[in-house]
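Read the figures in this text as sums done on the coordinates, not as results from a lab. Computed from a predicted structure; not experimentally measured. Reconstructed Cβ throughout: ideal geometry from the backbone, glycine too, with neighbour counts over all protein chains shown.
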Amino acid sequence: MLVRQPTSESNAAGTISTLNKTVPFGNPRQLSLDFSTGPSLKATPAEFIALRARQIPILFVRNPRARRYIIRLRRDGSARVTIPRGGSAAEARRFAERNVTWLEQQLHALPRRHQPPAKLTIGSEVLFRGDLVKIEADVTGPGALLRLGDETITFLDPDTDLRPAVEAHLRRIAARELPRKVYEYATKHNLTVRKVTVRNQRSRWGSCSRRAAISLNWRLIQTPPFVSNYVVVHELMHLRQMNHSPRFWAEVERAFPDYKTAVHWLKTHAVLIR
Ligand SMILES: [Zn+2]
């Protein structure tokens with residue numbers, strides 16, 4: 001299973017994941033913590049652009065060093081337009097409109113651009129709670145063993161791709177542990193969570209809806225505990241601030257003073273999590 005690497009534009013805003021409907025910025029129904037999201041938001045608020053069959057989020061980013069308008073489709077399926085020095089948002093929007101066919105083509109090509117997931121075999125290393133753990137041959141039998149702390153996963157046929165079994169196991173651990181963590185932090189911060197789901201999101205760590213439903217990426221079980229704690233706190237703080245405003249980040253900082261270390265970890269290690 002492939003996890004997207006963070007995109008190079010580290011200050012991209014978190015995208016609003018309500019794709020089927022234009023929602024005014026500042027009042028999204030759900031906010032997500034994308035792999036590329038960080039606390040410095042120089043981009044303009046998320047908007048949408050209509051393609052033939054759907055709308056995708058579009059982000060306009062000013063770059064004084066750019067000499068022309070640039071459009072690209074990001075791995076998360078959103079578009080990004082660079083506005084050069086002296087350029088205008090209106091012209092950037094027209095530029096994007098002229099390129100919808102190209103965007104459509106890029107969107108179709110997106111799944112093919114992802115490399116097939118790397119196979120896991122004996123000797124492969126898997127990230128678990130921030131540590132790289134090696135899959136070893138089982139000396140007691142014909143299979144392979146993966147020891148993840150107290151957890152042992154036994155594979156009967158070590159010659160097959162071990163990834164599905166490893167991921168299924170990690171996902172079970174995540175489903176057991178992550179919701180508990182959410183409720184613990186919610187209690188600590190006097191917040192009410194209606195529902196927690198652990199999912200297999202392709203490019204986001206978590207999201208929080210206006211209806212207090214939090215969903216988390218099972219791969220958070222692969223990150224160090226302080227990182228998954230941060231993501232949980234990040235989503236919970238959206239119950240106070242449904243945006244990524246300075247006030248939101250102030251809430252995060254109050255609840256999780258060292259959050260920048262976690263943000264940095266996510267930016268630099270996302271590539272390992274697959
Ligand atoms: Zn967020």
Could you list which residues have their amide H under 5 Å from that of VAL126, counting only those 5 or more apart in sequence or on another chain, with H placed in the peptide plane?
-> VAL133, LYS134, ILE135
LYS134: which aspartates and glutamates have alpha carbons under 18 Å from its alpha carbon, excluding same-chain residues fewer than 8 sequence positions away?
-> GLU125, ASP150, GLU151, ASP157, ASP159, ASP161, GLU167
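If packing is taken as the mean number of other Cβ atoms within 10 Å per residue, what is the order of 60-66, 172-178, 187-193, highest first?
172-178, 60-66, 187-193
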Percent antiparallel among DSSP beta bridges with both residues in segment 175-272, to the nearest 5?
-> 40
Which far-off residues, 5 or more places away or on another chain, put their amide H under 5 Å from the one on ARG62, with H placed in the peptide plane?
-> THR44, ILE83
Modelled FRET efficiency - R0 22 Å, ARG94 with ARG65, Cβ distances, 0.05 increments = 0.50
Going residue by residue through segment 222-229, the Karplus relation 6.51 cos²θ - 1.76 cosθ + 1.60 with θ = phi - 60° gives ³J(HN,Hα) values, rounded to whole Hz and with x marking Gly or Pro, of 8, 8, x, x, 5, 6, 5, 4
